[in-house]
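Read the structure below first, then the notes.
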């Protein structure tokens, strides 16, 4: 059995290296990034977000870009995935886009209720003849078990508490959540591979997730610092400069408020770098005033970011480990290589 | 170099197995537990808590128990450690107890300010002729760097966000905090071994911590379910029955309030299983009423615990992975064995 147990379903991935995924990040991970990751032995996800009206056009451009890069279709399928924020997404728009441009996987996240995913999975499987694999992201053991028994996804993504952007406000990190989910699935004799997300930035984190039982790893924050990310310079510069990720980032809903994004299920918040928007809200500034100041900051361009800035800088606690901009492909290769070296080195200390 | 790089300083520990520590838990990890851990190749800590008036007597009884178990003094030193909650601890009481019964290590935690630890370290090193090693627990990269440069401890304990009981309210998990601290120390050319704490329950978590760069691992929650723990049956039963640790536990200060414990530095809270004390506080119950109800629950004995109960059940997010009561020694051995097996198995997938 190769190291990458998911290789059979995603045959362009490296068979003998850890399975590395670029997680969907709304407005940031689009076609070029997804294609670059898949062209380098990983699996990249284009972020559909919650407004799917541009999805068909985005996928069309992505297919063109893939062709220009020599990235082949596999069994008629574009070898990338698409991520959805299901609470706000329109299934018909998704189906229309995926019918025109079938992809290898869809990643569901944050439906209003988990049972909503049944219809999504059924219809996407139908439109792709089962070729599009269903991934579902969860944040608790209870969610994992419910999803495994109802939607029966092809992959479960376990999102630990260190993740950037949105996630359940109350959650464990992968350190305990991942093995507890794996044990719970095994107890029910459910065999679904799990991908670890939240706090994995380099080969050390990837190696840790593999020892905890993951079949592969998904990175978000790390890909904020890649040349293919669609990201403002002010945002990317802040990601590179911030240290002490646990102390510098906070889980909050204020960044949704100032950006005018309503509709996230109540159990969720978003982790980002604490800035003036957050600190002022904590000090009691009214939402109306905070929104007004945010809109002024938007006009400042890159200067609107930074610890004294007001622009939202979603990032996980691993942001302190992100120190340079690399290409998406280099990130995939370096994480794979460093993960294996880390495992070898750690084992060699105890096994002669 | 043996796997256990700390073996030279703690020569009764297993040289070729991961270094496993039983973390101090106030009123729960006392002499029998600490001795049992050290007698089985680990390092056990007797919890001094913040009221050190019984410490000299506790250490005297522990020394007797160690002798009865055939656990030798090493270089005149009792082969266990003692933990302090420094914000409330009296240094003179500590010195008197440690002079009478020197121990292998002291573990400092939560001083009012980090600079307070300088005097503690200096005086304890003086009273033991440098034989008592200084351990300091931190929760951020900034704390690690400050402590490393000032107190210059022999060991830094890094406490990630999954830990039970008290810790910094705003923190990353070990997944990102541990490698970021290790990189920050390396950048400053500081060579102090780090022990990982917070979310490690079994060999999988231990293996993960080792891949992230830890020189050893400290377990707290897991030792709540050991036969040597001083713990009410109601508490231990709840630890065994609770699942989904991230969803079942919360970080809060309400448990200090009802127990009448004042003085924790403001940046700290405590993670415990969410129960009626917590839920009522969230619903707006007055502290006075919550205290009164708590005091009634205390009278109920073991029935005062449970999800509908009111008794404090500090535990980390790993509580869902704790499923049976074992002896402290069996826990040490099984974590060591499983950690090495996990590393071997994970490596073998990618290295032929």
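The values are calculated or read from the model by the stated rules, or taken from the named source; none is laboratory data. This is a predicted model, so every value here is computed, not measured. Counting neighbours? That spans all protein chains shown, and the Cβs are built from the backbone with ideal geometry, glycine included.
Structure summary
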quantity: Residue list for region A:128-144, restricted to those being crowded, with 20+ Cβ neighbours inside 10 Å and part of a helix (DSSP H, G or I); calculated: A:141, A:143, A:144
quantity: Residue within region B:163-171 that is more than 23 Å from residue B:254 (Cα to Cα) and in contact with a strand residue (DSSP E or B) (Cβ under 7 Å, 6 or more places away or on another chain) present; calculated: no
quantity: Where residue B:164 falls short, out of the listed (1) crowded, with 18+ Cβ neighbours inside 10 Å; (2) within 24 Å of residue B:31 (Cα to Cα); (3) away from every other protein chain (no Cβ under 14 Å); (4) touching a helix residue (DSSP H, G or I) at 6+ places or on another chain (Cβ under 7 Å); calculated: (3)
quantity: Selection from region B:255-264 of residues that are surrounded by fewer than 20 Cβ atoms within 10 Å (Cβ to Cβ) and farther than 13 Å from residue B:169 by Cα; calculated: B:256, B:257, B:259, B:260, B:261, B:262, B:263
quantity: Which listed residue, of A:124, A:158, is touching a strand residue (DSSP E or B) at 6+ places or on another chain (Cβ under 8 Å), buried (at least 24 other Cβ atoms within 10 Å of the Cβ), within 14 Å of another protein chain (Cβ to nearest Cβ) and under 25 Å from residue A:8 (Cα atoms); calculated: A:158
quantity: Scope region B:181-196; condition within 11 Å of chain A (Cβ to nearest Cβ) and crowded, with 24+ Cβ neighbours inside 10 Å; matching residues; calculated: B:181, B:196
quantity: Region A:204-231, residues that are more than 15 Å from the chain's Cα centre (by Cα), in contact (Cβ under 8 Å) with a residue 60 or more places away in the chain and surrounded by fewer than 24 Cβ atoms within 10 Å (Cβ to Cβ); calculated: A:215, A:227, A:228, A:231
quantity: The one condition in (1) outside the structural domain of residue B:35 (by TED's automatic domain parsing); (2) out of contact with any helix residue (DSSP H, G or I) (no Cβ under 7 Å at 6 or more places or on another chain); (3) free of Cβ contacts under 8 Å to residues at least 40 places away in the same chain that residue B:186 fails to fulfil; calculated: (1)
quantity: Region B:308-327 - residue that is away from chain A (no Cβ under 14 Å) and in a loop (DSSP other than H, G, I, E, B) and, of those, nearest to residue B:273 (Cα to Cα); calculated: B:313
quantity: Qualifying residue in region A:131-139 (condition: free of Cβ contacts under 8 Å to residues at least 12 places away in the same chain and at the interface with chain B (Cβ under 9 Å from one of its Cβ atoms)); calculated: no
quantity: Test: residue B:345 is surrounded by fewer than 23 Cβ atoms within 10 Å (Cβ to Cβ), in a loop (DSSP other than H, G, I, E, B), at the interface with chain A (Cβ under 10 Å from one of its Cβ atoms) and at pLDDT 95 or above; calculated: no
quantity: From the options B:267, B:281, residue that is within 14 Å of chain A (Cβ to nearest Cβ), more than 23 Å from residue B:229 (Cα to Cα) and surrounded by 13 or more Cβ atoms within 10 Å (Cβ to Cβ); calculated: B:267
quantity: Hits in region B:167-180 - residues which are surrounded by fewer than 24 Cβ atoms within 10 Å (Cβ to Cβ) and more than 9 Å from chain A (Cβ to nearest Cβ); calculated: B:169
